[in-house]
Every structure is written in C-alpha cells, then in structure tokens.
1. In the set Leu128, Leu102, Leu67, which member is assigned to a loop (DSSP other than H, G, I, E, B) and buried (at least 19 other Cβ atoms within 10 Å of the Cβ)?
2. Go through (1) open to solvent by 10 Å² or more (accessible area, probe 1.4 Å); (2) not in a strand (DSSP E or B) and name the single condition Tyr37 misses.
3. Name the residues in the range 154-167 that are farther than 16 Å from Ile203 by Cβ, open to solvent by less than 40 Å² (accessible area, probe 1.4 Å) and of a type in the set (A, V, I, L, M), would you?
4. Which residues, counting only those in the range 40-55, are closer than 11 Å to Leu82 by Cβ and either charged (D, E, K, R) or not in a helix (DSSP H, G or I) (or both)?
5. Check the range 95-102 and report whether any residue there is modelled with pLDDT of 95 or more and either more than 23 Å from Ala28 (Cβ to Cβ) or hydroxyl-bearing (Ser, Thr, Tyr) (or both).
6. Assess whether Leu109 counts as being closer than 20 Å to Ala188 by Cα, assigned to a loop (DSSP other than H, G, I, E, B) and either open to solvent by 10 Å² or more (accessible area, probe 1.4 Å) or β-branched (Val, Ile, Thr) (or both).
7. Checking the structure you have, find out if any residue of the range 166-183 is on the phi < 0 side of the Ramachandran plot, touching a helix residue (DSSP H, G or I) at 6+ places or on another chain (Cβ under 9 Å) and in contact (Cβ under 8 Å) with a residue 60 or more places away in the chain.
8. Among the residues of the range 168-178, which ones are open to solvent by less than 10 Å² (accessible area, probe 1.4 Å) and touching a Leu at 6+ places or on another chain (Cβ under 9 Å)?
Amino acid sequence: MPVTADPPLGILMLDSRFPRIHGDVGNAQTWPFAVQYGIVEGATPDAIICDDVEPFVQAFINRGLSLVADGCVGIATTCGFLSLIRPRLAAALGVPVAASALEQAGQILPMLRPGQSLGVLTISSGNLSAAHLQVAGVPTDTPVAGMDGTAFATSILENRLTLDVEAARRDMVARALALTDANPNIGALILECTNMVPYAADIAAVTGRPVYSIYTYLRWFYAGLSPQTFAP
C-alpha cells in the first residue's frame with residue numbers, strides 16, 4: 001500500500017515574539033506529528049490573559065477555518081485561557097477542538113485516590129477565573145498557584161524577546177512545590193500555561209506528582225484524530 005502523510009494538527013497561535021524553546025507548544029520540533037500554525041494577529045498574551053478575549057473570538061474562528069481548509073484534522077491553541085471560547089470554536093470549526101490543558105481534568109480525576117484533588121499551576125492566578133475552570137471541567141475549589149511576578153510571567157505577558165530559562169525553571173519548581181506542600185492532598189498537577197511544558201519533568205521530580213500539560217493533552221488528542229496503524 002502507498003504510504004500517505006499523516007494529517008496535521010492545526011494550532012492557533014497568539015501574536016507573540018517571546019522565545020519558543022523546545023517543548024513549547026509553539027515550537028514544531030516539540031511534536032511527534034505534523035503541526036500547522038496560524039497566528040491570530042493582535043491577540044497578544046496580555047490581551048488574552050489580562051484583558052478581554054471577546055474582541056478576538058471571530059479572528060480565532062476565521063484563522064481556525066483557514067487551518068481546517070488547509071487539511072488540519074483538529075484544532076488546538078497556545079493559551080490555556082482560551083478554554084473560555086472552546087465551545088464557540090468547536091461549534092464554528094466543524095472539527096474537534098482542544099483549547100486548554102485544563103480540559104484534561106475529567107480524565108485525571110478518576111485516576112486519583114479517593115480524597116485526592118488536582119492542583120493547577122497557571123501563569124496568572126489573578127486572571128484565572130472560576131469561569132475558566134468551569135468551562136474546562138475543573139472543580140472551582142481546585143488549589144491554584146500562579147507565576148505572578150516572576151521573570152517567566154513577565155517575559156510571556158510583556159511579549160519580550162528574551163526568556164531566562166533557568167530562572168523560569170527555578171521559579172516554576174518553587175511555586176509548584178509550595179502548592180503541593182500547602183495542599184498535600186493534591187494527587188496530580190495540571191500546567192495551565194502552554195509555555196510550561198519544558199519544565200514539567202523538573203516539577204514532577206520535585207513534587208513527586210504526575211504532571212499533565214498541553215503536551216500530554218495534544219498527544220492524546222491527536223492519537224484519536226489520526227490513529228496509529230499496525231502491521232498484521
């Protein structure tokens with residue numbers, strides 16, 4: 001039989017310029033499958049996380065439709081805060097949509113021991129609302145820790161050209177450890193921010209908890225969109 005290329009996953013990108021290091025959702029080398037990116041102009045990290053996503057909804061839909069027209073079999077995004085508009089994206093695009101790592105909550109919770117909860121590490125606890133959690137299926141009493149005030153958050157939210165990777169690693173590990181120390185019933189962590197993936201292994205090693213992210217989510221998501229074939 002002829003070998004055919006696997007179809008790409010479309011990824012809606014924020015209008016960003018900060019470094020997309022290996023492991024970041026916006027680095028094509030991160031993924032073990034084909035991806036196609038579509039930038040939503042004007043949708044900067046600050047505009048989506050700290051301001052109001054509503055003025056950009058149609059732009060996300062339009063860019064998503066262009067990715068679908070190009071052959072993408074599913075659509076993802078590069079910001080966990082876009083969980084708010086996932087239902088509208090899914091309704092408009094006609095293909096499955098995975099908008100936020102938070103949407104894994106329904107898969108993870110049944111795997112935990114009775115009495116255990118999730119913990120969420122986000123880029124901004126001050127802006128992650130109950131609405132973001134609810135639409136993603138995350139219980140609103142879930143313990144949350146933010147990267148507010150760190151060099152990592154500043155680099156992303158201010159869309160800077162530089163990122164101190166080692167400082168980001170240290171700060172992220174410290175915030176995650178403080179979260180689990182304060183909430184010992186946490187059985188697993190979700191990294192809301194798609195730029196946190198490069199630090200997931202460090203967080204897991206220090207906290208002793210499994211860590212889920214946009215990387216774990218989209219690998220699962222794509223596996224259903226383009227199932228593996230096996231020789232008889």
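The values are calculated or read from the model by the stated rules, or taken from the named source; none is laboratory data. Remember, it's a predicted structure, so these values are computed and weren't measured experimentally. Glycine gets a Cβ as well: all are built from the backbone with ideal geometry, and neighbour counts include every protein chain shown. Side chains are part of the model used for accessible areas, which takes the heavy atoms of the whole protein and leaves out ligands, DNA and RNA. Shrake-Rupley method; radii C 1.70, N 1.55, O 1.52, S 1.80 Å.
1. Details: Leu102 fails: assigned to a loop (DSSP other than H, G, I, E, B); Leu67 fails: assigned to a loop (DSSP other than H, G, I, E, B).
One residue alone meets the criteria, Leu128.
2. Failing condition for Tyr37: (2).
3. Ile156, Leu157, Leu163 - these are the residues of the range 154-167 that are farther than 16 Å from Ile203 by Cβ, open to solvent by less than 40 Å² (accessible area, probe 1.4 Å) and of a type in the set (A, V, I, L, M).
4. Matches in the range 40-55: Val40, Ala43, Val53.
5. First, pick out the residues of the range 95-102 that are modelled with pLDDT of 95 or more: 95-102.
Narrowing further to those that are either more than 23 Å from Ala28 (Cβ to Cβ) or hydroxyl-bearing (Ser, Thr, Tyr) (or both): 100, 102.
Yes, the range 95-102 has at least one match.
6. Details: closer than 20 Å to Ala188 by Cα: yes; assigned to a loop (DSSP other than H, G, I, E, B): no; either open to solvent by 10 Å² or more (accessible area, probe 1.4 Å) or β-branched (Val, Ile, Thr) (or both): yes.
So Leu109 fails the test.
7. Yes: the range 166-183 contains one or more residues that are on the phi < 0 side of the Ramachandran plot, touching a helix residue (DSSP H, G or I) at 6+ places or on another chain (Cβ under 9 Å) and in contact (Cβ under 8 Å) with a residue 60 or more places away in the chain.
8. Start the filter on the range 168-178 by keeping residues that are open to solvent by less than 10 Å² (accessible area, probe 1.4 Å), which leaves 168, 172, 176.
Once the filter is applied, which keeps residues that are open to solvent by less than 10 Å² (accessible area, probe 1.4 Å) and touching a Leu at 6+ places or on another chain (Cβ under 9 Å), the range 168-178 yields Met172, Ala176.
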